[in-house]
Amino acid sequence: MSENRRYLGELLSEFFAVAIIILFGDGVAAMYSLYDPSPYKSAYWGVCIVWGLGVTVAIYATGAISGTHANPAVTLSLAMFRGFSWKKVIPYMSAQVLGGFAGAALVYSLYVPVIDHFNITHNLTRAVDGGSAGVFFTHPGDFVTVAHAFWDELVLTAALVFGIFAITCQYNTQAPQANSSALIIGLLVAIIGASCGYLDAWAINPARDFGPRLFCFFAGWGQSALPAPGNYFWVPVVAPLVGGPIGAALYQFGLRPFMPRYLEQTITVAPDGINPAEPVLVVSNPDDPAFPVVNRVS
């Protein structure tokens, strides 16, 4: 397979990964928001676990191709701390946002009659009142200001990336084995939502919020989507991009140096910057030559 074709596959993988997450995530948000009685109003954990399992399915579907970053904050963190190629960062992020746009369009195509009925019944409009907007993108919850929401998103994204780095660290002897890391990452997303989701709907992913928000801007929500009340749109974009690297740094410099296997070996990094010792989430080219792992006598 040519390098260009492989690279195209990686971008398509990131596109489909986010589209899958949004299909299930925004779908369950529609079930939660648009129906009365809602099947989830008294079972919020169901919403959280669907979002998490959507992430799990996306990883199983696309992880062998691109590593399933599926989140610009993860992509940026991997470039900063795990040798992911910087030249791929913007293309990966763009593919992720487009995946969010496409996933929202698909959910809209499924739920548009329910959305319209909900808005008519509750005397809401898309552009003025943002009717049903919560199906697609996030906003601050009760008593939460825009500034406080920034802090929430920063901390929660830091927790997400810290967890991902721990789960996928090859030095961590307690990390999940075989292919079970996808399930644990999904559960990590679910528990973040279950513990803090009502603060601002736990975007923790710029593509998850901005892609659907951009679709809604063109689908009739207008200024309710962009720039949103209080110019909120930038918060779930910028805060995760700040919080993700912070979480990655906390793991890389706080825990990773003390992992049992860390002091036992040194890693030769590939010329393209990819660390073959930690391939999860960063998939190296199968045609690349192997790079040796040199054991160091302690």
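To put it simply, the accessible area of the chain at a 1.4 Å probe is 69 percent carbon and sulfur.
Between A248, A61, A203, the GNM of the chain built on Cα springs shorter than 10 angstrom shows A61 fluctuating the most. Taken one residue at a time, the phi angles of region 68-73 give Karplus couplings (6.51, -1.76, 1.60, θ = phi - 60°) of 6, 5, 6, 6, x, 5 Hz. Gly and Pro are set to x.
Shape class of region 98-146 from the Cα gyration tensor (axes a ≥ b ≥ c, square roots of the eigenvalues): oblate, since a/c reaches 1.5 or more and a/b does not exceed b/c.
Report note on the peptides 83-95, 30-42, 190-202, 159-171: ranked by the mean count of other C-beta atoms within 10 Å, highest first, their order is 159-171, 190-202, 83-95, 30-42. Evaluating 6.51 cos²θ - 1.76 cosθ + 1.60 at θ = phi - 60° for every residue in region 99-113, the Karplus couplings come out as x, x, 4, 5, x, 5, 4, 5, 4, 4, 4, 7, 10, 4, x Hz, glycine and proline recorded as x. Helices in the chain, meaning DSSP H runs of at least 4 residues, each add -39500 (n - 2.57). Divided by all residues, the mean residue ellipticity at 222 nm is -20000 deg cm²/dmol. Near the amide H of G130, within less than 5 Å, lie the amide hydrogens of T125, all on another chain or at least 5 residues away, with H placed in the peptide plane.
Size of the dipole of the chain about the Cα centre, Lys and Arg at +1 and Asp and Glu at -1 on the beta carbon, nothing else charged, in debye to 20?
My answer is approximately 380 debye.
With all protein chains kept in place, the per residue accessible area of the chain amounts to 46 square angstrom at a probe of 1.4 angstrom. The value for region 133-198 of Rg(Cα) / (2.2 N^0.38 Å) is 1.35. Each part reduced to its alpha carbon centroid, region 84-104 and region 16-63 end up 21 Å apart. Normalised Debye scattering of region 71-187 at q = 0.11 Å⁻¹ gives log10 I(q)/I(0) of -0.59, counting only Cα atoms as equal scatterers and leaving out solvent.
Please name which of A95, S85, G130 has its Cα lying farthest along the dipole of the chain towards the positive end, using unit charges on Cβ (Lys, Arg +1; Asp, Glu -1) and the Cα centre as origin. The one lying farthest along the dipole's positive direction is S85.
The values are calculated or read from the model by the stated rules, or taken from the named source; none is laboratory data. Predicted model, so just to flag it, every value in this text is computed and none were measured. Every residue, glycine among them, receives a Cβ derived from its backbone with ideal geometry; neighbour counts consider all protein chains shown. All accessible areas refer to the heavy atoms of the entire protein, side chains included, with ligands and DNA or RNA removed. Shrake-Rupley method; radii C 1.70, N 1.55, O 1.52, S 1.80 Å.
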